[in-house]
2 protein chains.
Amino acid sequence: MTDPDLSRRIRDAGGRVTTARLAVLRCLADADEPLTPDEVLEHLGRNSDHVPDRVTIYRAIDWLAVHGLVRRLATVGRAARYEPVEDKEAHAHFQCRRCAQTRCLPAPTPPLPPLPPGYAAERVELVIHGLCAACRTGDTP
Amino acid sequence: MTDPDLSRRIRDAGGRVTTARLAVLRCLADADEPLTPDEVLEHLGRNSDHVPDRVTIYRAIDWLAVHGLVRRLATVGRAARYEPVEDKEAHAHFQCRRCAQTRCLPAPTPPLPPLPPGYAAERVELVIHGLCAACRTGDTP
DNA sequence: GTCTTTTTGCCATTTTATTGCATTTTTAAC
DNA sequence: GTTAAAAATGCAATAAAATGGCAAAAAGAC
Ligand SMILES: [Mn+2]
Ligand SMILES: [Mn+2]
Ligand SMILES: [Zn+2]
Ligand SMILES: [Zn+2]
């Protein structure tokens, strides 16, 4: 997805197109797996000249999440992980219990189970817990 | 589940049956929804005379989790949530995005999606995000 | 009860995230 | 392109959740 496209999405959501927001959204869109705010910061440090403050990263991610451009995943780790909200949607995630790697899986959304009265569902998330290939073979001791 | 039963499970796992472990396991077993360590502490404060230190709660929960007596859920909130590992297994959870309430749902485990080569799945978790009844009607403003 | 090992309490520290406020950037109007 | 209003940022302080070190206490074996 091109920068003008991302700018447009930010503007359409009613916000100002700032370098920080654009860089964060770009970063998450380019990554092939969900990232923590610190990982975003690290990526930006490697790929840009001006690195926004850590707090700015948090605020940019928050804004993007509140306005539906990125999504926070449910995790077992301490840090939050975010991924862009794309066209193709509804896939599962694998989380390694040892290295905390989180990767997207091409799995269809399971059907929505019945909820208690008055409850409203907005999203269904499927998480597979286990060991990634590297952690299982002990390549990363 | 009775106290001797719980003690037995702790001893069978190879650990000492301490008041803290027993109280924490009892607390999680009695609760009708997954609890955070702080919530466990709070419950114990209301239902017991001696309240273990916060760090002890953390360590007791950790031990129980490592030995398979309780399970940590994937959450969107900052605090971890734990539930006892019971006989009847594999149910989904609802998480309210406003009040962070987390409750168990009677939903069957979805089938395990195909994983990348070398990956090993250990558990499948289904999370429903949305608004609980109270938050939807604004009973808890 | 005595002995050995495990667990606990307390304090300090770490990790992750949030808040307050002065300064800067963005955007729109001119 | 200047200017003015609104929104976003940087920086320091603070908060929330969890972890680590170590001496004291409790569990279990005898
Ligand atoms: Mn994904
Ligand atoms: Mn449950
Ligand atoms: Zn791994
Ligand atoms: Zn709620």
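Per-structure values
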| item | result |
| --- | --- |
| Search result, residues across segment B:26-47 that are within 11 Å of DNA strand C (Cβ to nearest atom) and more than 14 Å from residue B:80 (Cβ to Cβ) | B:44 |
| Residues within segment B:53-71 that are touching an Asp or Glu at 6+ places or on another chain (Cβ under 9 Å) and surrounded by 17 or more Cβ atoms within 10 Å (Cβ to Cβ), tallied | 3 |
| Members of segment B:79-103 found to be in contact with a helix residue (DSSP H, G or I) (Cβ under 9 Å, 6 or more places away or on another chain) and either under 10 Å from residue B:132 (Cβ atoms) or exposed (fewer than 15 other Cβ atoms within 10 Å of the Cβ) (or both), listed by number | B:79, B:86, B:96, B:97, B:98, B:99, B:101 |
| Number of positions in segment B:88-139 that are of a type in the set (S, T, N, Q), within 22 Å of residue A:72 (Cβ to Cβ) and modelled with pLDDT under 95 | 1 |
| Among residues of segment A:110-141, those that are of a type in the set (S, T, N, Q) and either surrounded by 15 or more Cβ atoms within 10 Å (Cβ to Cβ) or in a loop (DSSP other than H, G, I, E, B) (or both), counted | 1 |
| Filter result for residue A:33 (surrounded by 12 or more Cβ atoms within 10 Å (Cβ to Cβ), over 27 Å from residue B:103 (Cα atoms) and within 13 Å of chain B (Cβ to nearest Cβ)) | yes |
| Exclusive hit being more than 10 Å from every other protein chain (Cβ to nearest Cβ), within 27 Å of residue A:26 (Cα to Cα) and not hydroxyl-bearing (Ser, Thr, Tyr), set A:84, A:106 | A:84 |
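The values are calculated or read from the model by the stated rules, or taken from the named source; none is laboratory data. It should be emphasised that the depicted structure is a prediction, and the values quoted were computed from it without experimental measurement. Neighbour counts run over all protein chains shown; Cβ positions are idealised from the backbone, glycine included.
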